[in-house]
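Below is one structure, written out as C-alpha cells, with a few remarks after it.
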Amino acid sequence: MKPEPEDKRIQQLYREILSEGINPAELRAEKKAFISLYFPKKPFFVFGPMWTPAVAFAVAAFAVFVVRPELFISPGASTVEEAPAPAAMTAAPAAAPAASVPQTAGQQMSKNIIISHVSSEMGPTVVYQKRVENVPVAVVWVFPKPATA
Amino acid sequence: MKDPDFELVERARQGDKQAFGKLVNQYYEMVYAVCYGVLHLREAARDTTQDVFLKAFQEIARFKGDSKFKTWLYRVAMNAAIDAFRRRKPSVSLDGTDVSDDEDQAPVIIEDVSPGPREEAAKLEIKGLMKKALEELSPEHKAVLVLREWEGLSYDEIAETLQLELGTVMSRIFYARKKMGDVLRGMGINSQEAVRDRERKK
C-alpha cells in the first residue's frame with residue numbers, strides 16, 4: 001500500500017525530529033565504553049582451553065634449550081659420586097698421562113671450555129669425546145691398568 | 001528461518017560475555033533509538049539502553065528462541081522504555097519546554113517571529129509543534145510509532161514484537177499519525193504543499 005503524501009511528510013518530520021537526539025559518534029563512544037566495562041573481550045591466551053598450557057610449554061622449552069641452556073643443564077655438576085680407586089691404582093703409574101689430559105672430571109667440565117679434539121699418543125690413556133651440536137660435551141676417560149715399565 | 005544471531009545467543013546463554021558483547025555492538029543503536037523514541041531524553045535513553053542490555057544478559061537463559069533474538073530484544077527494550085517513562089518526572093519535552101495540561105488544550109497559535117526565510121521558520125515551527133504533539137502521546141503510542149516510522153517494521157512485526165493484536169497496532173499508529181497530522185493541518189500545510197515541499201528538496 002502506497003503511503004499517503006501526508007503520511008510520508010509525517011514520517012519525514014518524525015525521522016528528522018528523532019535524529020536530532022541520536023548522535024552516531026556519541027553513541028559509538030558510549031557503546032564502546034559500555035562493552036569494555038561489562039562485556040570485555042577475553043585475553044588472547046584464553047580463547048581455547050589448550051592455549052595456555054601449550055604456550056607455557058613452548059616458552060619453557062625455548063628457554064631451556066635455546067636461550068640459556070647453561071642455566072638448566074650442568075653436566076659438570078653431576079651428583080654421581082666418584083667410585084673408590086682400586087688397590088692396584090694406589091701405586092703411581094709408571095708413565096704420567098699427557099699434560100694436556102685433564103686430571104679430574106670437575107676440572108675437565110669447565111662451562112666455558114668446549115673441547116673439540118683431544119688426543120694422546122703416550123701410554124694407554126683412552127679419551128672419548130662426544131659433541132652433539134652445542135650441547136655441553138661429556139668426556140669419559142678410562143685407565144684400564146697401570147702402565148708397565 | 002534461522003535466527004542470524006543463533007550462535008552468539010547460544011554462547012551468551014552459556015555465560016559467554018564476549019559473545020553477548022558482540023550482540024550489544026550489533027544492536028546498541030537500535031535499542032537506543034527505540035528508547036529515545038519513547039523517552040525523548042538523551043540521558044534517560046542512554047541509561048535505559050544500558051539497563052536493557054544488562055537485563056537481557058541476565059534473562060537470556062530464559063530466551064527460548066521462539067522468536068528471533070532481535071524481536072525479543074525489541075520487546076525487552078520497549079518494556080524497559082515504557083517503565084522508565086512512567087517512572088520519570090512529568091514532563092519535559094524534546095526542546096526543553098514544559099508541557100502542561102493547559103497547553104494540551106490550547107489552540108495552536110502560530111507566530112512567525114523568526115528573522116530567517118519564511119519556509120525555514122515555518123519548518124522550525126512545525127517541528128516544535130510536532131515535538132509537542134509527540135510528547136502528548138502515551139508511551140505505548142510512541143512505541144508503535146518508533147517501530148513503524150524509525151525502525152521500519154511492518155504492522156505484523158510490530159504486533160509480534162509487542163505481543164499486541166494487529167488491530168491495536170493499526171489503531172495506535174493511526175492515532176499517532178493523526179495527532180501529528182493535526183499539527184500540519186493546523187499550520188495550513190495540506191498534502192499538496194507537502195508534496196511540493198518534497199519535490200523542491202529533490
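Under the condition of being free of Cβ contacts under 8 Å to residues at least 60 places away in the same chain and under 26 Å from B:D66 (Cα atoms), which residue from the range B:112-152 is nearest to the other protein chains (Cβ to nearest Cβ)?
Once the filter is applied, the top-ranked residue is B:E149.
Using beta carbons and a limit of 8 Å, which pairs, at least six apart or on different chains, have the first residue in the range B:46-74 and touching a residue at least 40 places away in the same chain (Cβ under 8 Å) and the second one part of a helix (DSSP H, G or I) and loosely packed, with under 14 Cβ neighbours inside 10 Å?
Qualifying pairs under 8 Å: B:G65/B:F6; B:F69/B:F6.
Go through (1) more than 20 Å from B:R148 (Cα to Cα); (2) at pLDDT 95 or above; (3) in contact with a Lys or Arg (Cβ under 8 Å, 6 or more places away or on another chain) for B:T48 and report which single condition fails.
Condition (3) is where B:T48 drops out.
So B:S67 fits all but one of (1) assigned to a helix (DSSP H, G or I); (2) more than 11 Å from chain A (Cβ to nearest Cβ); what number is the exception?
Evaluating B:S67 over (1) assigned to a helix (DSSP H, G or I); (2) more than 11 Å from chain A (Cβ to nearest Cβ) leaves (1) as the failure.
On the given criteria, is B:K178 buried (at least 17 other Cβ atoms within 10 Å of the Cβ) and either assigned to a helix (DSSP H, G or I) or within 10 Å of another protein chain (Cβ to nearest Cβ) (or both)?
Considered against the rule, which asks whether it is buried (at least 17 other Cβ atoms within 10 Å of the Cβ) and either assigned to a helix (DSSP H, G or I) or within 10 Å of another protein chain (Cβ to nearest Cβ) (or both), B:K178 comes out as no.
If you scan the range B:2-30, which residues turn out to be more than 10 Å from chain A (Cβ to nearest Cβ) and not in a helix (DSSP H, G or I)?
B:K2, B:D3, B:P4, B:D5, B:Q14, B:G15
Sort out which residues of the range A:17-37 are facing chain B (nearest Cβ under 7 Å) and in a helix (DSSP H, G or I), and write them in order of number.
A:I17, A:L18, A:L27, A:E30, A:K31, A:F34, A:I35, listed by residue number.
Would it be correct to say that B:E43 is over 24 Å from the mean Cα position of the chain (by Cα), free of Cβ contacts under 8 Å to residues at least 12 places away in the same chain, part of a helix (DSSP H, G or I) and loosely packed, with under 15 Cβ neighbours inside 10 Å?
So B:E43 fails the test.
What are the residues in the range B:46-60 that are more than 10 Å from every other protein chain (Cβ to nearest Cβ) and either surrounded by fewer than 22 Cβ atoms within 10 Å (Cβ to Cβ) or of a type in the set (A, V, I, L, M) (or both), if any?
Matches in the range B:46-60: B:D47, B:D51, B:V52, B:K55, B:A56, B:Q58, B:E59, B:I60.
In this structure, does B:A81 turn out to be over 21 Å from B:R148 (Cβ atoms) and within 14 Å of chain A (Cβ to nearest Cβ)?
The answer is no for B:A81.
In the range B:61-79, how many are polar (S, T, N, Q) and over 17 Å from B:L164 (Cα atoms)?
Number of matching residues: 0.
The values are calculated or read from the model by the stated rules, or taken from the named source; none is laboratory data. Owing to the predicted nature of the structure, the values given are computational and were not obtained by experimental measurement. Cβ sites come from the backbone with ideal geometry, for glycine too, and all protein chains shown count toward neighbours.
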